[in-house]
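The values are calculated or read from the model by the stated rules, or taken from the named source; none is laboratory data. Keep in mind that this is a model prediction, so the values were computed, not measured. No Cβ is skipped: glycine too gets one built from the backbone with ideal geometry, and neighbour counts run over all protein chains shown.
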Amino acid sequence: MTDVLVIGGGAAGLMAAGTAASRGLHVTLLERNDKLAKKVRITGKGRCNVTNDCGDLQTLIAQVPGNGRFLFSAFSAFMPADTMHFFESLGVPLKTERGNRVFPVSDSAHDIAEALVRFAKQSGVRFATGRASSLIVRDGKLHGVRTEDGTEYDCERVIVATGGLSYPLTGSTGDGYRLAESVGHTIVEPKPSLVPLVCHEGFCSDLMGLSLRNVKLHAIDTQKNRTIYSELGEMLFTHFGVSGPLVLSASAHMRPMVRARYVLSIDLKPALTPEQLDKRVQRDFSENINRNYINALNGLLPKKLVPVIVKLSGIPASLKTNQITREQRQNLVSLLKDLRLTVTDFRPVDEAIVTSGGVKTSEVDPRTMQSKRVAGLYFAGEILDVDAYTGGFNLQIAFSTGRLAGLNV
C-alpha cells in the first residue's frame, strides 16, 4: 500500500513525487525505463534549457499558445524564479543567456536530471520499474494501478506524468493518453509542436548541415496575409527542410498545418538596411572587380550558401562583377533580405520537442491538477493539452504542474 503512485519519472513526475513525499506521504514512482529523467538528459542538445527568467506571470502565460490561462494557478505557485532557486539549492548553479534562457553553468543536462532524482530520493520517494497498463477505478474513484506484468498497486491517489508522444525512445509513447481515455477523459489529438519543418525548395538538401547564426526569420501565413512569427537567432538546413531554435519556435505558430499555407522569409543580413547592404555589396564587387560573380560573394555569405544564392539571383555565375547592372545588384540585395521557403509539412511527431494535444484541460481542475472525472487522479506535464514556445517554457510547465499536483494530491 502506498499513499500516492506517480506514473512517469520525467521532469513533471520527479517534481510531483518529491513534492508529495516532502509532505510526509508515502510515495512510489513507477517508471518504465531503467533510467530516470531520460528525456531531460537530452534536452537543449544536452545542455538543458531549464526555464526562462521572463519575469512576470502574464509574460509567462503569453508564451503558452496552447491553453495558457489554464496554467495560471500552477505558474503562480511555482514561477521561473522558484525553479532557479530549486536547482541552485540542490547544488546546480545556473546562468542566464540570450532571450532569458536559463541553463546550468556546466552546460550539462545530466546535472539537472540528477538534481531532480536527488530531490525525489531525499524526500523519501520509493522507485519501482514497470509499465502501467490500467487504472483501477470503482464508482468514479481511483483504487489502484495495474502494470503490464500483472502487479497491482493499491492506492487512492495517482499522478499521471507520462509525457506526450515526442521522443518515443525516451518512453514518451502515449501511455498516459490511453490510461486517461480508459477512465473517461477526452484526449485532444496529439500533434507535433516545436518541430522541424519540411520545405518544398530542393536547395535545402544542398545546404544540409549549414547553420545560420544571427539571421532573422519571419513566418508568414499566406492565407491571412500576415506575419505570425518574427525573431532573430539561429537555424539549420537539413535534407528535408529546416530546423534549429528559430524554426522550432516558428512551427508552434503554424496552426493548422496546411500544405503551402506558410512561408518562411530569412533575412540573412538583419543588421543592415537594404541601402546599407547595397553599399556593402558594391564595396565587395569593387574589391573583386575582375572576378567572376560567384567568386565575389565569399566575404558576404557562408561558402556553402554562395552557389544557391547565385542560382536564385538569376545572375550568371561567370559574369564579371563590373558587368553586373544596378537592377541585378538590387535584386540580389532583395534576395539576401528575403530568402523564401515554402513549408509543406511538419516532421513526424516523434521528432517534435513537445506534443500539442493531450488530456483536455476543461476536464482537469487547474487549481489542483486533479481530474474532474475520477476522484484521486491527477495529471502533470506534457500529458496535458498545454504547450509553449521554445526557450525553457515547456520545462517550466512540467515543473509548475508537477509541483502543484504534488502539493494537492
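General observations
- The requirement of being closer than 15 Å to residue 89 by Cα and in contact with a Leu (Cβ under 9 Å, 6 or more places away or on another chain) is fulfilled nowhere in segment 150-157; no residue meets it.
- Those residues of segment 248-276 which are modelled with pLDDT of 95 or more and either within 16 Å of residue 212 (Cβ to Cβ) or not assigned by TED's automatic domain parsing to the domain that holds residue 312 (or both), in sequence order: 264, 265, 266, 267, 268, 269, 270, 271, 272
- For residue 182, the criteria (1) closer than 26 Å to residue 21 by Cα; (2) of a type in the set (Ser, Thr, Tyr); (3) surrounded by fewer than 20 Cβ atoms within 10 Å (Cβ to Cβ) hold in every case but one, which is (1).
- No other residue among 139, 154 is loosely packed, with under 14 Cβ neighbours inside 10 Å and modelled with pLDDT under 95 apart from 139.
- Per this entry, residue 281 is counted among residues that are under 24 Å from residue 210 (Cα atoms), assigned to a helix (DSSP H, G or I), out of contact with any Gly (no Cβ under 9 Å at 6 or more places or on another chain) and in contact (Cβ under 8 Å) with a residue 24 or more places away in the chain.
- Meets criteria (more than 40 Å from the chain's Cα centre (by Cα) and closer than 24 Å to residue 207 by Cα) for residue 301: no
Residues checked against (1) hydrophobic (A, V, I, L, M, F, W, C); (2) in a loop (DSSP other than H, G, I, E, B); (3) surrounded by 15 or more Cβ atoms within 10 Å (Cβ to Cβ):
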site	(1), (2), (3)
113	yes, no, yes
121	no, no, yes
146	no, no, yes
163	no, yes, yes
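- Matching residues, segment 198-223, being part of a strand (DSSP E or B) and surrounded by 17 or more Cβ atoms within 10 Å (Cβ to Cβ): 198, 199, 212, 215, 216, 217, 218, 219, 220, 221
- If you check 356, 318, 313 for being among the small types (Gly, Ala, Ser), at pLDDT 95 or above and surrounded by 19 or more Cβ atoms within 10 Å (Cβ to Cβ), only one passes: 313.
- Top-ranked residue of segment 165-178 - restricted to ones that are in a loop (DSSP other than H, G, I, E, B) and small (Gly, Ala, Ser), ranked as modelled with the lowest pLDDT: 171
- Matching residues, segment 251-269, being in a loop (DSSP other than H, G, I, E, B) and either exposed (fewer than 14 other Cβ atoms within 10 Å of the Cβ) or polar (S, T, N, Q) (or both): 256, 259, 260
- Among the residues of segment 372-388, those identified as over 15 Å from residue 189 (Cα atoms) and surrounded by 24 or more Cβ atoms within 10 Å (Cβ to Cβ) are 377, 378, 379, 380, 381, 388.
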